[in-house]
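The values are calculated or read from the model by the stated rules, or taken from the named source; none is laboratory data. All of these numbers come straight from a predicted model, not from anything done at the bench. Methodologically, a virtual Cβ is constructed for each residue, glycine included, from the backbone with ideal geometry; neighbour enumeration extends over all protein chains shown. In case anyone asks, the SASA skips ligands and DNA or RNA and just uses the protein heavy atoms, side chains included. Shrake-Rupley method; radii C 1.70, N 1.55, O 1.52, S 1.80 Å.
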Amino acid sequence: MPERLTPEHGPRTEAEPAVAVRQVSRVILLDPDDRILLLHGFEPDDPTETWWFTPGGGLEGEETREEAARRELAEETGITDVVLGPVLWKRRCAFPFDGRRWEQDEWYYLARTDRTATHTEGQTALERRSVSGLKWWTSEELSASHETVYPTRLAELLRTLLDEGPPSAPVLLETERA
């Protein structure tokens, strides 16, 4: 089969259907003790396949990336009282989930909050079928964990953020494909 390169997806064969790249805002939410909030997710058809990930999701309608970050954070965690900071990192990723292939362009915003109580009543139906909880992690706990976390270098990235502060410009992370 002939192969062609696309700027969004890299090599792909003619028989593969093009997948739209979903624009996503994610939030690196830190509390006053520099703990990060992560959600515990799983594949709806296989609850034994689990991972941790940052709050966030796709842009809706004409909203900006910042608006999407705030909306997603409120829906997934119930936390609305945040100071939204700069974009820390950007990455492309692709993965199968809930019976389809996802291609995403993700921007990770720094956010701070004094509120650590969460509630998940705003989650979507898919989130209710695929998220089992939330947890505040210290950098040390994240570094010592053997659980799957996305992005895969989050422990290292968080440690650098806490040690050096936000980068002067967003850091482009390596593309992750599963």
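Just a few scattered comments:
- For region 36-51, a residue qualifies if it is assigned to a loop (DSSP other than H, G, I, E, B) and open to solvent by 70 Å² or more (accessible area, probe 1.4 Å), and exactly one does: ASP45.
- Which listed residue, of SER139, SER145, SER130, is under 23 Å from ASP45 (Cα atoms) and polar (S, T, N, Q): SER130
- Residues in region 53-72 that are crowded, with 16+ Cβ neighbours inside 10 Å and either closer than 30 Å to HIS146 by Cβ or at pLDDT below 95 (or both): PHE53, THR54, PRO55, GLY56, GLY57, ALA69, GLU72.
- Restricted to region 73-178, the set of helices (runs of 4 or more DSSP H) holding at least 2 residues that are modelled with pLDDT of 95 or more and surrounded by fewer than 16 Cβ atoms within 10 Å (Cβ to Cβ) comprises 139-144, 154-164.
- The set of residues from region 141-178 being over 15 Å from PHE53 (Cα atoms) and of a type in the set (Ser, Thr, Tyr) comprises THR160, SER168, THR175.
- Evaluation of ASP33 against the conditions (1) within 25 Å of SER168 (Cα to Cα); (2) in a loop (DSSP other than H, G, I, E, B); (3) in contact with a strand residue (DSSP E or B) (Cβ under 6 Å, 6 or more places away or on another chain) shows that the sole unmet condition is (3).
Residues are listed down the side, and each one gets a yes or a no for (1) of a type outside the set (S, T, N, Q); (2) at positive phi:
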{"site": "GLN23", "(1), (2)": "no, no"}
{"site": "ASP34", "(1), (2)": "yes, yes"}
{"site": "LEU39", "(1), (2)": "yes, no"}
{"site": "PRO44", "(1), (2)": "yes, no"}
{"site": "GLU63", "(1), (2)": "yes, no"}
{"site": "ARG71", "(1), (2)": "yes, no"}
{"site": "VAL83", "(1), (2)": "yes, no"}
{"site": "LEU88", "(1), (2)": "yes, no"}
{"site": "ARG91", "(1), (2)": "yes, no"}
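- Condition check for GLU62: acidic (Asp, Glu) and outside any strand (DSSP E or B): yes
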